Amino acid sequence: MESSWRIVAFPLMLPWREEFWTLPLYFPELRVGVKQGWPAAAPYPGLPLPAEAEAPLAQLQNYAPGELTQWRAFEEYQQPREEVDELVRELRGESRRPAPERRASPEAWALAWQLEKMQADQEAQMHLVDRGQEWLTEIFRPEPWADTSGIRATTGVQEVADPDLARLRYLLWRRVMAPELTGSWAPLLLGRGSRGMFAALVGFSEFLSLPRLEVQLPGVRTADRWQAPAELAAEPAWRGRFREALEACLSAARSGEGLTAAGVDLSALAQEFAQAWPTPPSWWWPLEFWPRLEVNGKAWGPLLCGAPQAGDLGAG
């Protein structure tokens, strides 16, 4: 039986990371956009990359940084002039012109696809940098004087996204994934820079003040360690219990009531699941629940965030 909630990965193009092996344990029905470099064994169908995304990027050389902001300012300048022109026609007794539907041209969507692919390629490269930093940290890690496992930094944003580029990627995601955004749905932020994109969309002060709940789920980062937990996760009894606990958290995040209690139940179920594994989990995946908000005049939420901060990935 399919879940009543649709969970949709954000952003549209997701380069493969090893911790994605954890996703099928908890989200077997996850909707994924364009997969980049994912192994064939990963049990998710993806969308084909359109030819327009593979077009030569030479045309992007004609755009200087900041021009997206200039385009937005020009649109804001045009809007009041159109309203004044319509008012003058009405005073003259002329018929009003039908308001043109504001649609992006095919060339604009091709540019959006190329920018999306360029950002995904950059994320894939930065993932290699993150892993290199992990290895160096592991090699040169000093012996701790005390146990600091219970100490957590305040959740924030380590990487800042350009607001106009974030908005463009958001609009492309909504356009392509529109068939999945029906009924009760929630984005699952997985991209390396998706925290920064979301913060740019809603405003950094609003983002930092968001109430959020974090639940630690046992995870894996290799295909061989994935097999045994996957068999346990596929058992109907456990799958049904987890679906109910997850949906309770999503409903509580949407309503703004009872999220803490729902999170306690989900955490207890995660601990029970981890104890049934044949070997201890190699790492724990921090999954965050964020409340319902509006972005660009449309409802977001509730949101799930499984996206790491830069350099936050643990070894395993």
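Please treat every number below as a calculation from the coordinates, not as lab data. Remember, it's a predicted structure, so these values are computed and weren't measured experimentally. Methodologically, a virtual Cβ is constructed for each residue, glycine included, from the backbone with ideal geometry; neighbour enumeration extends over all protein chains shown.
Once R0 is set to 30 Å, what does the formula 1/(1 + (r/R0)^6) return for the Cβ-Cβ distance between Gln271 and Ser209, expressed as a FRET efficiency to the nearest 0.05?
Given R0 = 30 Å and the Cβ-Cβ separation, E is 0.50.
Once R0 is set to 41 Å, what does the formula 1/(1 + (r/R0)^6) return for the Cβ-Cβ distance between Arg241 and Met118, expressed as a FRET efficiency to the nearest 0.05?
0.45
Which order do the peptides 32-42, 183-193 take when ranked by the mean count of other beta-carbon atoms within 10 Å per residue, highest first?
Going by the mean number of other Cβ atoms within 10 Å, highest first, we get 183-193, 32-42.
For Trp38, what residues show an amide H to amide H distance below 5 Å, using hydrogens built from the backbone and excluding near sequence neighbours?
Trp16
How do Met118, Met197, Met177 rank when sorted from fewest to most other Cβ atoms within 10 Å of their own Cβ?
With the fewest neighbours first, Met118, Met197, Met177 line up as Met118, Met177, Met197.
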